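Each value in this text was obtained by applying a stated rule to the coordinates, not by laboratory testing. Please read all numbers here as calculations on a predicted model, not as lab measurements. Neighbour counts run over all protein chains shown; Cβ positions are idealised from the backbone, glycine included.
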Amino acid sequence: MTFTPTIEIPDRNGLICGFTLNVTEKAKPLALYAASERETIPSSAHWLHFNLADTRATNWIHGCAHIPDDARELLLDSDAHIRSENFDAGSALIIGDLFHHFKEDPEEIGVLRLYLDTNLLITGRGHPLKSVDRLRHELFEGLVISNSIDLFARLIYDIGDSIHSVIKQLNDRVDDAEDQILAGQLQNQGSKLGQMRRLLARLRRLLSANRQALQHALPHISRWSKHDISELRQAVEHLESTVQDLELVQERTRLLQEEIAGRMSEATNRNLYVLSIVTVTLLPINLITGIFGMNTGGLPWGQDDPSGFWWVIFFMIIAVIVSLSILQKKRIL
């Protein structure tokens, strides 16, 4: 299935940004060149980032002679499953990233499609994404990157860093929730922790899929790349450390939810205990009132005996004292 653009944005033929890379100076802006003519392709390493919601971008990718057919299909495919495919002299990947204006909504996660070889990095997205836009601003501000492999490594690092910042914010919120729970303020804490666990679970699936796709691509990249991929390996390790930090926060939220459940269960048991004591204590009184409430003959202290009421009250008090004594002796109180 092919990605179907929905709008045509009036920009540079669907190109969001383009840069040529140089080892000695900052990246320079690059205009879109003709897709079908190999002689127009720059000889230096460069990056092209497209808006796949623009028909001109998809048309350029479709006609680019430098991209293998299978890689072109992955770039234009509508399937958002995170994965990687490897070729003789390049790799194509679908990597997960956060929306540009991410607001801790598990649904605000998109994918970045990319093709990578020794001198070229082509990326495309259908919705503005946080990390790739961060990389674009870093290059505009003077970041020096010498080749496409290091640029790809920087992109992976930025993805991990963006998700790590979200995890740090969630960890701070878990700290606040923990303080309130330990202070006995349980109101609405369970639902808040549930929302955080849902977001953490979504981020964990995203990071795990990214890590799996990158681990599948790394051996192939090391074979065809003419550049050192140590920075790319470090970026993947950074992604793995982010997964570990996420798992720690996820475990804390689970333990806090168990703490809330335990405290609520303890409060319920305490209330049931008090209710049971009251019921047992009043049971003899209910029995006495039931007996003297029968409309039968032969009951002592009839209506003609003015002391009957006080005798009944006396026996009720004795019954309560006996009940409490028995409970005390059984160590129930």
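Largest GNM mean-square fluctuation among 261, 153, 92, using the chain with Cα springs under 10 Å: 261. Picking from 183, 57, 209, which is most flexible by a Gaussian network model of the chain using Cα springs under 10 Å? The residue that fluctuates most here is 183. Cross-link check: pairs 28/130; 26/130; 103/226 evaluated at a Cα-Cα cut-off of 32 Å; pairs beyond the cut-off: 103/226.
Across region 82-195, the relative contact order, built from alpha-carbon pairs under 8 Å that are at least six residues apart, equals 19 percent. Relative to the longest principal axis of the Cα atoms of the chain, the long axis of helix 189-224 makes an angle of roughly 30 degrees. Mean-square fluctuations from a GNM of the chain, with a 10 angstrom spring cutoff on Cα atoms, peak among 181, 277, 149 at 277. Explain nothing, just the number: relative contact order of region 149-268, from Cα pairs under 8 Å at least 6 residues apart, as a whole percent. In percent, rounded to a whole number, it is 51. Among the trypsin sites (Lys or Arg not before Pro) in region 214-296, those placed in a DSSP loop whose Cβ has at most 12 other Cβ atoms within 10 Å are 226. Placing dummy labels 7 Å off each Cα toward the beta-carbon, the span from residue 288 to residue 137 is 7.9 nm. Using the Cβ-Cβ distance between residue 264 and residue 309 with R0 set to 41 Å, the FRET efficiency from 1/(1 + (r/R0)^6) comes to roughly 0.35.
Calculated translational diffusion coefficient of region 15-263 (20 °C, 1.002 mPa s; Stokes-Einstein with Kirkwood radius over alpha-carbon pairs) equals 111 µm²/s. Between residue 299 and residue 324, the FRET efficiency estimated from the beta carbon spacing at R0 = 30 angstrom works out to 0.65.
Between helix 230-292 and the chain there is an angle of about 10 degrees, using the helix long axis and the longest principal axis of the Cα atoms.
For the pair region 42-90 and region 278-321, the centres of their Cα atoms are 92 angstrom apart.
Placing a label point 7 Å from the Cα of residue 22 along the Cα-to-Cβ direction, the residues of region 48-81 whose backbone N falls under 18 Å of that point are 48.
Within a 10 angstrom radius of the beta carbon, how do 25, 259 rank from fewest other beta carbons to most? Could you put the intermediate results ahead of the total?
Values: 25 10, 259 17.
Result, fewest neighbours first: 25, 259.
Please compute the contact order of the chain in relative form: average sequence separation of alpha-carbon pairs under 8 Å and at least six residues apart, divided by the residue count, as a percent. Don't jump to the answer; show the numbers that get you there.
On the way: 462 pairs, mean separation 50.4, N = 333.
That works out to 15 percent.
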